[in-house]
Structures are given as structure tokens and as C-alpha cells.
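First up is the structure itself, then whatever we jot down about it.
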Amino acid sequence: MQKLLLLGIVFFISASLAFTQMRRDTSGYYQEIAISTEGQSSAHAVEDDFDTLLKRAEANDIDAQLLLAHKYNGGIDVEKNPLEAVKWFQKAAKLKNTEAQLQLALIYDAGGGVRQDYKEAKKWYTSAAKQKDAQAQNNLGCLYLDGKGVKQNYKTAKKWFEGAAKKNNSNALVNLGALYANGQGTKPDYKKALSYFEASASQNNMDAFNWLGVMYSGGIGIMQDNAKAFEYFETAANHGHAVAQYNLGIMYKNGTNVEQNLEKAIECFTLSAQQGYIPALFYLGAAYQAGVAVEQNPMRAVEYYETAAEGGNIDAQYNLANMYELGLGINIDYAKAAQWYETAAKQGDAGAQMNIGKLYYTGQGVPQDYKTAYQWFEMAAAQDVAEAKYNLGMMNLKGQSVKENYAKALSFLKEAAADGDESALTTLKNLGESL
């Protein structure tokens with residue numbers, strides 16, 4: 001079998017701008033210094049000594065329970081003890097205190113000092129949300145949106161976002177806008193989406209700024225205006241917004257509303273990557289592999305690709321596998337090549353399906369297995385990879401993994417030849433067959 005052709009390494013592929021993910025509001029979680037005394041009686045405005053505070057808490061004084069929980073949560077005047085904090089938050093929460101319910105939800109949501117438990121987070125968010133707490137309503141909406149701790153339900157998410165948006169919660173406003181933009185739980189309505197993003201942006205919500213940049217850049221629900229898009233991305237990027245930094249990099253890369261500047265693009269991608277934004281990590285890997293706007297450095301490329309690949313980026317998984325298979329600036333490692341090709345292949349990447357099939361066929365990095373190779377070639381062929389069709393034709397011709405089947409082999413070879421595969425054309429000619 002011929003060596004399968006590989007998809008070329010892609011640097012600065014045409015990329016769409018990135019949306020901001022739905023935002024759960026975790027402000028208020030682990031506020032270790034500022035301990036709220038709102039609602040405490042004037043008799044307790046001056047903090048009690050610890051023993052007195054403990055007695056008050058044990059007597060179901062909610063203010064004392066909250067204060068004690070915050071002390072344990074932040075290690076203030078006592079040894080930090082998240083489990084004790086949870087215990088006192090629970091006591092106050094069971095007395096229907098909204099702050100305690102919200103704090104418990106935030107702790108379980110984040111896994112702060114306790115095992116992360118989205119079902120428990122949902123329980124306490126719901127309790128606080130039913131008492132009209134906007135932050136809890138927004139975060140509960142996010143759980144329904146993501147299907148964490150509950151069955152995914154866009155309409156229920158929308159309901160909770162709407163409740164919080166009525167209280168002008170900036171995260172709920174941008175999340176509600178995103179539902180209308182994406183058509184989740186409702187029909188797409190770009191004008192409504194835009195109005196929610198603008199309302200959120202008026203509170204300096206940087207997620208909303210990023211969304212507005214996307215809307216203006218794409219002319220989504222509004223006349224396209226790249227100058228405004230650039231302004232929104234730049235503002236959010238200057239406030240440290242990772243996705244906006246990436247989007248600004250895309251504009252510099254493409255020369256959209258600004259003179260093309262690959263060095264500036266790399267600078268933006270680097271800032272975004274430093275916050276762990278996966279697409280930015282991939283771009284940096286491609287830049288260092290190709291030596292575009294930076295000094296070529298295959299090892300740095302591998303580092304960026306690996307981080308992006310572990311984060312699920314298919315392009316990074318493919319390019320990393322490609323580097324290991326061909327020894328592009330690094331030592332050949334067929335086992336690692338197989339690992340990353342297969343990871344990308346399982347996510348549906350056609351080139352990776354073809355190449356992992358090749359490795360199973362040749363037994364490089366994995367035990368030789370014609371049956372598994374055939375299965376991967378079938379998947380790649382279903383996505384019109386000509387080389388995969390050629391390989392299926394040859395395996396049917398030779399009876400590898402399947403019984404010899406000349407008619408089937410001929411069919412695959414003709415399909416591959418029609419797609420421009422030179423090896424298939426040559427084989428057909430040698431067999432005395434025409435296209």
C-alpha cells in the first residue's frame with residue numbers, strides 16, 4: 001500500500017471569531033476579607049469573641065452562623081476549614097437565609113474545599129433563586145444550559161436568565177443575549193440579542209463587549225461595522241478578556257479594519273493563551289512550527305499543541321500527531337502519533353481517520369490490525385478522502401481484512417480516481433480498467 005498522503009500543516013487557517021462561553025457569576029465566593037454584617041442587630045455591630053460567636057451560632061443566630069462560616073471559609077481568626085464553613089452555611093441555609101444558600105451553591109459549583117457536586121449546587125442555587133436572588137438565578141440557568149447536575153434544558157435556562165435579567169444582572173443579560181443569538185430555547189432573534197448585549201455592556205461586562213464585537217464584525221442583526229467590532233474587541237482585550245484577545249488577534253492576522261500585522265496577532269494570541277484559551281494555544285503552536293512572525297521552534301510548537309490537544313482541539317491533535325509521525329523538528333514517535341491521530345479521529349477528523357488507519361495497517365505505533373485499519377479507512381472514505389477510498393480498494397483487491405472482492409475493489413478505485421487520486425488511476429490502468 002502506498003504511504004498515505006497527509007493533510008498539510010495549517011497555519012493561520014481561516015477562522016471565525018470566537019463567542020464567549022456562558023458566564024456563571026462566582027463573585028462573592030471566598031470573600032476572605034470583607035465579611036458582611038448587613039442585617040446584624042446593632043448589639044452585635046462590634047464583633048463578639050469567638051466563644052460568644054459560637055454560642056450565638058449554636059442558638060440559631062443566622063448572622064452569627066454566617067460570620068462563623070465566612071471565618072472558617074477564609075481562615076480569619078481560625079484555622080481555615082472548608083468543611084466547617086459548609087456546616088455553618090448549611091445551618092443558615094436551612095433557616096432560608098439566601099446568602100448562605102448562594103454561598104453553598106458557589107462552593108459546590110466550584111468544588112472549593114469540598115468535592116465538586118453540581119447536583120448539590122443546583123439544589124442550593126434553586127433555593128436562593130426562588131427567593132429572587134439574581135446571581136443564583138443566573139448560575140442556575142447556566143447549569144441547565146450546560147446540563148450540569150440537571151438534564152440540559154435551554155428553555156429552563158432561559159427562564160432563569162430572564163428572572164435575573166429583570167434585576168439587571170449583567171451576566172444574565174449577556175447569557176440571555178447569547179441564547180437569542182444562538183437560537184437556544186427560542187427562535188434566533190438577533191435584534192433582541194443585540195439589545196441584551198448592549199444592556200450588559202452598559203455595565204462594562206466584557207463578555208458583552210466581545211459579543212458585540214462578533215455581532216458587528218459579522219453584520220449579525222446589525223449593519224456590519226468592522227471599526228466598531230475592532231473597538232469592542234480592543235476594549236475587552238485591554239481588560240484581560242481572553243476570547244476578545246484572541247478575536248483581536250484574528251483581526252490583526254486578517255488585516256480587518258487595521259493593517260495586517262502578524263507580530264501583533266501573535267502578541268494577542270500569546271495574551272489569550274496565557275489564560276489557557278485553547279484556540280490561541282493552537283495558533284501559537286502553528287506559528288512556532290512554521291516560523292511565522294516568530295523564530296521557528298518545533299519544541300515550543302509541541303508544547304502549545306499538546307496543551308491545546310489535551311483541551312480537545314482537533315487541529316492541534318492532528319498537527320501534533322503529524323509532527324510525531326514525520327519527525328518534523330522532533331524525534332519520530334509512532335506511538336504518540338497514533339495516540340493523537342486516534343484522539344482526533346474519534347472526534348470525526350477525516351485526515352486523522354485516514355492516518356490512524358495507515359498506522360494500524362503498517363503496525364507503526366500500534367499492533368498491526370487490518371480490520372481496525374479497514375474500519376478507519378471506511379470512516380475517512382465516507383468523508384470523501386480519496387486516499388482512504390484507494391486503500392479500501394486495494395484491501396478488497398488483496399483480501400486484507402475482507403474477502404477478495406474485485407467488483408468492490410473496482411468501485412472504490414474508480415471513486416478514488418474520480419476524486420483525483422493518481423495511485424488509483426495508475427492501478428486502474430494496470431488492471432486494464434477504465435475510469
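General remarks:
- Karplus-derived 3J(HN,Hα), 6.51/-1.76/1.60, for each residue of segment 135-147, Hz, glycine and proline x: 5, 5, 4, 4, 5, 5, x, 5, 5, 5, 5, 8, x
- Only Lys, Arg, Asp and Glu carry charge here, each on its Cβ (+1 for the first two, -1 for the last two); on that basis segment 383-435 has a dipole of about 260 debye about its Cα centre.
- Helix 62-74 axis versus longest C-alpha principal axis of the chain: approximately 40°, rounded to the nearest ten.
- Where trypsin sites (Lys or Arg not before Pro) in DSSP loops with at most 10 other Cβ within 10 Å are excluded, longest remaining stretch of the chain: 152-402
- Projecting the Cα atoms of V78, A265, P188 onto the charge dipole of the chain (Cβ charges, centred on the Cα centre) puts P188 farthest toward the positive pole.
- Rh by Kirkwood over Cα pairs, then Stokes-Einstein D for segment 216-328 at 0.890 mPa s and 25 °C, µm²/s: 170
- Here the accessible area is traced with a 1.4 Å probe on the protein chains. For segment 183-312, carbon and sulfur cover 45 percent of it.
- Think of each Lys and Arg Cβ as +1 and each Asp and Glu Cβ as -1; about the Cα centre, that makes the dipole of segment 245-347 roughly 140 debye.
- About the Cα centre, charge dipole magnitude for the chain (Lys/Arg +1, Asp/Glu -1 at Cβ), debye: 1600
- Cα-Cα over 29 Å, subset of K87/K122; K119/K155; K148/K346; K80/K132; K96/K151: K80/K132
- For the chain: accessible area per residue (Å², 1.4 Å): 46
- In the chain, the longest principal axis of the Cα atoms and the axis of helix 370-382 are about 80 degrees apart.
- Once both labels are positioned 7 Å from their Cα atoms along Cα-to-Cβ, the gap between D49 and D369 label points is 7.1 nm.
- Here the extension length gained between Q184 and I220 equals 11.3 nm, from 0.36 nm per residue of separation less the Cα-Cα distance.
- Of all aspartates and glutamates in the structure, those lying under 18 Å Cα to Cα from K55, and not within fewer than 8 positions of it along the same chain, are E47, D63, D77, E84.
- Placing a pseudo-label 7 Å from each Cα along the Cα-to-Cβ vector at Q260 and T362 gives an inter-label distance of 3.5 nm.
- Enclosed volume per residue, in Å³, of the convex hull spanned by Cα atoms of segment 172-240: 69
- Segment 393-435 - Kirkwood radius from inverse mean 1/r over Cα pairs (Å): 10.0
- Using alpha-carbon coordinates, inclination of helix 262-273 to the longest axis of the chain, degrees: 50
- For the Cα trace of the chain, dividing Rg by the Kirkwood Rh returns an Rg/Rh value of 1.11.
- Both radii were evaluated on the Cα set of segment 310-435; the Rg over Rh quotient, with Rh as the Kirkwood radius, amounts to 1.02.
The values are calculated or read from the model by the stated rules, or taken from the named source; none is laboratory data. None of the values given here were measured: they were computed from a predicted structure. With ideal geometry, Cβ positions are generated from the backbone for all residues, glycine too; neighbour counts draw on all protein chains shown. Areas reflect the complete protein model, heavy atoms only, side chains present, ligands, DNA and RNA absent. Shrake-Rupley method; radii C 1.70, N 1.55, O 1.52, S 1.80 Å.
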